[in-house]
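For reference, the structure discussed in these notes is given below.
The values are calculated or read from the model by the stated rules, or taken from the named source; none is laboratory data. Computed from a predicted model, the values in this text were never measured in an experiment. Positions of Cβ are generated from backbone atoms using ideal geometry, with glycine treated the same way; all protein chains shown enter the neighbour counts. SASA here: full protein model, heavy atoms, side chains in, ligands and nucleic acids out. Shrake-Rupley method; radii C 1.70, N 1.55, O 1.52, S 1.80 Å.
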Amino acid sequence: MISSEILKNSFISGAENIAKHTAEVNSINVFPVPDGDTGTNLSLTLTGCAEKIKHLPEMAAGELADRIAGELFRSARGNSGVIFSLIFKGFAQSVKDLEFIDALSLAKGLEAGCNEAYSAIDKPMEGTILTVIRLAASKAISAASKGKSAQETFIEAVNGARVSLKSTPNLLPMLKKHGFVDAGGQGLVYIMEGMLESQKNITFIKTEEKKQPVVSDSEIKFIYCTEFLINGSNNADLKLFRNFLSEIGDCPAVAEHSGIIKVHVHTNDPDKAIGKALELGELSDVKIDNMRLQNQNGANQWNSTQASNI
């Protein structure tokens, strides 16, 4: 059984582990665009939330999951951060009424998280973090149905995530071309491994070594990673808004939690995305990043690091 204390410690440990591997995950970030920020986005998404939950009083595990989901939803950065927040949102909704989370509830929560992420993405792509969480959830369901404990079920989920991660280059030509696994999927594996690390006597499989990044930005068709929250929107048609974002860019993600809509899109016209969103409600936490500059800065940072190690 997973108590709120175990859940809290596991989440904090997951945040710490992705923070340790930020540069490595950035270095293999070639899909959907080679902007080299997947590790940074996942780390910022989780570490900010981890700081806010460290000193929360004891509560039911389901209630804590809901608190974490809300914090993640508001702080999510980048495509990977938004997808992770959606995974946790689905998980939290599945377990929200539980004092303790048993093996089957854990497995069903992971499955719900997977479904939530797939449903919020306009064109889900296999070979990404979505594929990794899907197989992880499937392995968890199988383990729980065989009567395994919550810890054993999560171990099976992590092993499933690792296996799925290794398959990602076979599902996405871009990954196979460069010989990398999916950066978002790798980040999720590091997070899940970190969650296990908070428990004792766990042996980890060694992950791949850091690889030199691809620095070409020629494949970045839509330059601006645009994110914001829409507040005060009532009965907004999220599918219609997501379709609009698909027309002006790619990687659109639109989801609602506690009356707040989280929006992410890569576009050359952030003004159009913002203008349309203003028809739905008031905006906050607006962030627009130039991914070509991120790519160039990431390459410069890598080269400087390598030079200092010579």
Exercise. Between residue 96 and residue 246, what is the spin-label point distance in nm, taking each point 7 Å from the Cα along the Cα→C-beta axis?
Worked result: 2.7
Seminar exercise, completed: the range 91-113 scanned against label point 7 Å out from residue 9 along Cα→C-beta; backbone N under 16 Å for 101
Problem set entry | P(r) histogram, all alpha-carbon pairs of the range 35-130 included - 5 Å bins from 0, percent | 3, 15, 22, 23, 20, 12, 5, 2, 0
Problem set entry | Span per principal axis, largest first, for the Cα atoms of the range 224-267 (Å) | 26, 18, 11
For this session: Could you give the spread of the C-alpha atoms of the range 98-209 along their three principal axes, from largest to smallest, in whole angstroms?
Result: 44, 33, 21
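How much FRET efficiency would the formula 1/(1 + (r/R0)^6) give for residue 125 and residue 256, where r is the Cβ-Cβ distance and R0 is 25 Å, rounded to 0.05?
Details: r = 22 Å, r/R0 = 0.90.
Once the sixth-power term is evaluated, E becomes 0.65.
Which residues make up the longest stretch of the chain that has no GluC sites (Glu not before Pro) in a DSSP loop with at most 16 other Cβ atoms within 10 Å? All intermediate terms of the calculation are to be shown ahead of the outcome.
Numbers: sites that count: 58, 99, 126, 208, 209, 219, 279.
It runs 127-207.
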Problem set entry | Candidates 241, 228, 84: whichever shows maximal mean-square fluctuation once the chain is modelled as a Gaussian network with Cα springs under 10 Å | 241
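Can you compute the charge dipole magnitude of the range 225-301 about its Cα centre, using +1 on each Lys and Arg Cβ and -1 on each Asp and Glu Cβ, nothing else charged? Give it in debye, rounded to the nearest 20.
Dipole magnitude for the range 225-301 comes out near 140 debye.
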Seminar exercise, completed: Phi angles of the range 131-137, converted by Karplus (6.51 cos²θ - 1.76 cosθ + 1.60, θ = phi - 60°) into ³J(HN,Hα) in whole Hz with x for Gly and Pro, give 5, 5, 6, 5, 6, 4, 5
Seminar exercise, completed: Taking 134, 77, 242 and ranking on accessible area (1.4 Å, protein atoms only), highest first, one gets 134, 77, 242
For this session: Evaluate Rg over Rh across the chain, taking Cα atoms for both radii and Kirkwood's formula for Rh.
Result: 0.96
Seminar exercise, completed: With the charge dipole of the range 1-52 built from beta-carbon charges (+1 for Lys and Arg, -1 for Asp and Glu) about the Cα centre, the Cα from 7, 18, 49 projecting farthest to the positive end belongs to 7
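How big is D, in µm² s⁻¹, for the range 1-49 by Stokes-Einstein at 4 °C and 1.567 mPa s if Rh is the Kirkwood radius over C-alpha pairs?
112
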